[in-house]
Amino acid sequence: MWTDGYNALFRLEYGETWYCKGCRKLIFSDPINNFVNTKTHTEPEFGFPAVGIRREKEETVRRATVRKMADECRMTRHACPAGKCGSSATVMRRYRIEAAPEYLRVALGLVRYHSGGPSKIMHSVKVERILDLTDLQRDPSTPLHYRLICVTSHQGPSFETGHRITAVQGPGQKYYAINDDIVRKETEHYMTMNPHDGSEATILIYKSTRPSK
Ligand SMILES: [Zn+2]
């Protein structure tokens, strides 16, 4: 099936488990909705869409990705599985990667919405050449490393206007900056420069360092 090939290349799948906030014991079922505790999110997600970034000096792609996968409070309560935290304990959700694609997109959310309308976050995130997501897997026994191969950046003070340019790794160890019909040879260092040519990185494409099947 072509879909199997597509999924292996592009689809990120992650599972959700629940645990008690008090004692951190796993919750195995929800008697009201009859959910089992492990739920796999199978909707096709071409990597991570709209990863929120913070205006901090040490903000990196990895930090933003880790926050995207952070545990969340669920808006329901559940009997504590250990019986320690009361009959109505707070349920937490934990997300972990179950199937990692060969090509991972990380889209940085550079738009902030507030009462005055949307505005662009001009803060430049530090872009890692190698992104290590090993610890975000359900089974972290196999390393999960990605190498940056493409960066699309946005130029301009507002997302409603402006211009986009791209940095790519070509075949072999060759790097290019692409701006409309102008292609310029670049160094490896250019891939992780942010901003580069006055543009902020917004869409990053990483390729798995595992040998392809
Ligand atoms: Zn508990």
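Derivation of every value follows stated rules applied to the coordinates shown; laboratory data play no part. Being a predicted model, the structure only gives us computed values, none of them experimental. Neighbour counts run over all protein chains shown; Cβ positions are idealised from the backbone, glycine included.
A few remarks follow.
- Long pairs among K25/K207; K21/K57; K25/K68, criterion Cα-Cα beyond 28 Å: K25/K207; K21/K57
- Burial ordering of T90, T65, T40, fewest other beta-carbon atoms within 10 Å first: T40, T90, T65
- Prolate/oblate/rounded call for the stretch 99-213, Cα gyration tensor, a/c under 1.5 rounded: oblate
- Two-decimal log10 I(q)/I(0) for the chain, as the Debye equation yields it once each C-alpha is a single scatterer, q = 0.09 Å⁻¹: -0.45
- Cut-off 14 Å, label 7 Å out along Cα→Cβ of R96, residues of the stretch 44-74 by amide N: 70-71
- Length released on extending from D132 to E188, taking residue separation times 0.36 nm less the Cα-Cα span: 18.3 nm
- Likely footprinting exposure, Y113, Y19, fewest C-beta neighbours within 10 Å first: Y113, Y19
- S124, S158, S199, S87 arranged by Cβ crowding within 10 Å, fewest neighbours leading: S87, S158, S124, S199
- Shown is the FRET efficiency for T60 and D4, computed with R0 = 41 Å from the Cβ-Cβ distance and rounded to the nearest 0.05: 0.80.
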